[in-house]
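Right, one structure below, let's go through it.
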Amino acid sequence: MPDVVARGVRFHTQWLGPEGAPPVVMVHGMLTGNVATWYFGLGAALAVDHRVLMYDQRGHGRSQAPVTGYTLTDLAADLDALAEGVGPAVLVGHSFGGVVALRRALDRPGAVRSVVAVDSFEPGGAASAGPEGDDVVDLGAVLAWGRQRRMRAMAERSSRGRTRRTRATAEQVLLGGTTLVSDLRRDGHLDRSALARLVVPVLWVSGDTSPFRAEVADLGAALPDASTERIELPGGHALHLDCPERLAAAVLPFVARTRCPEEATHG
Amino acid sequence: MPGETVEVPVATAVTAAEVLAAVTQMIGEIIGEDYLAEIDVTMDSMVTEDLELESIEFVALAEQLRNRYGERVDFVDWIAGMELDQIILLTVGQLVEFVVGCLTS
């Protein structure tokens, strides 16, 4: 069943891969992401020998868009509710999805085998987090990045003068009709001292031409070296589109090494 | 009913016309019948340019194909093996031929 109601919100979910295989849960990024971030790419690659759960975060893709509830605490609680039934899982997150995954790893280390974070950062970063003001500067950068991608996609289509379907984008809904920006401004950061003590293994993947390099490096520096593997790939923020094969080649061995042992997922 | 799996027996010969009708119906459910009424879905229709399917709607199409044809039509694997520009140029005819090929092999 693709739709699941959790925490009072209807979520669009998708499963790939054989039932009973070690579980992986994938979390897309804010505003421009949805299940399609993973579905035909890293999700399909992992699904060869994992049971992969993907879902649209609240307000994204085909999930419901409630007006409120977009704090990091809420988004991590959504993940926790949706992933509860699958047992200890590997969490894979893109952009802020990686932050959501790390938050669940901090809150429920026993429920998380490992975390793969792909070009993840907190809008604003810890350094600039503060009372109302400049801490959302990078949320603006995220929007500019998303618009640029969409414009490129539109340019790739040659217009034949047909009436195009006009639908509100997730970005318009989230920015115009929800508390996302104020929620993330209030609660959008990880506890750095808790992060420094994280024992759950992390694969920290960054793009060498990402416009968010500084923010990604800033958050990555807070992770303990003992439990963190770091890899830089040739590409921008959307590594899943820029270098899908290299991303899969980096992620698959890490997931195989850290996932739930096969025997523990059967019966 | 979405979610219901209709298994097509292996021996049944499936024609391209039947699959085209089924795919057209799926696309109508995904993008809306109102929009579908304005366009003519043919084998030459381009899935992203003419029908304007977005990536999240490709996911919905994958789900509908699986519900109708079961695991024998591995649309996810097929799309996953394509380059982005191949997906942008994908036609309904290619999709129909792929489905027919899966069901008759």
Determine the distance separating the Cα centre of the stretch B:63-77 from the Cα centre of the stretch A:201-224; give it in Å without decimals. 37
Taking chain B and counting helices only, DSSP H stretches of n ≥ 4 at -39,500 (n - 2.57) each over all residues, the nearest-500 ellipticity at 222 nm comes to -17000 deg cm²/dmol
Taking Cα atoms only, Rg over Rh for the stretch B:16-104 with Rh from the Kirkwood formula is 0.92
Where the centroid of each part is defined by its Cα atoms, how far is the stretch B:13-48 from the stretch A:1-40 in Å? 26
Hey, for a label at A:TRP15 modelled as a point 7 Å past Cα toward Cβ, could you say which residues of the stretch A:240-262 have their backbone N under 19 Å away? A:260-262
Accessible area (Å², per residue) of the stretch B:16-104, counting only protein heavy atoms and a probe of 1.4 Å: 43
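Counting partner chain Cβ atoms within 10 Å of every residue's Cβ in B:75-86, what's the average?
For this peptide, the per-residue mean of nearby foreign Cβ atoms is 3.
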I'd like the interface area for chains B and A: accessible area of each alone minus the complex, both sides summed, 1.4 Å probe, protein heavy atoms only. What is it in Å² to the nearest 100? 2200
Can you send over the carbon and sulfur percentage of the accessible area for the stretch B:16-104, probe radius 1.4 Å, protein chains only? 49
Please check the stretch A:13-45 for residues whose accessible area, probe 1.4 Å, is lower by 50 Å² or more when all protein chains are in place than in their chain alone. A:TYR39, A:PHE40
Rounded to whole Hz, the Karplus (6.51, -1.76, 1.60) HN-Hα couplings of the stretch A:184-191, x for glycine and proline: 6, 5, 7, 8, x, 10, 8, 6
Can you list the HN-Hα couplings for the stretch A:213-230, worked out from phi with the Karplus curve (6.51, -1.76, 1.60; θ = phi - 60°), rounded to whole Hz and with x for Gly and Pro? 3, 5, 5, 5, 5, 4, 6, x, 5, 7, 7, x, 4, 4, 10, 10, 9, 10
Given Cβ charges of +1 for Lys and Arg and -1 for Asp and Glu, the option among B:VAL73, B:MET46, B:GLN25 whose Cα lies farthest towards the positive end of the dipole of the stretch B:16-104 is B:VAL73
As I understand it, the dipole of the stretch A:167-267 uses +1 on the Cβ of Lys and Arg and -1 on the Cβ of Asp and Glu, about the Cα centre. Which of A:VAL255, A:ALA194, A:ALA217 lies farthest toward its positive end? A:ALA194
In the Gaussian network model of chain B, springs joining C-alpha atoms below 10 Å, which of B:GLU63, B:GLU71, B:GLU83 carries the largest mean-square fluctuation? B:GLU83
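The values are calculated or read from the model by the stated rules, or taken from the named source; none is laboratory data. Nothing here was measured: the structure is a model prediction, and the numbers come from that model. Cβ coordinates were reconstructed from backbone atoms using ideal geometry, including for glycine residues, and neighbour counts include every protein chain displayed. In case anyone asks, the SASA skips ligands and DNA or RNA and just uses the protein heavy atoms, side chains included. Shrake-Rupley method; radii C 1.70, N 1.55, O 1.52, S 1.80 Å.
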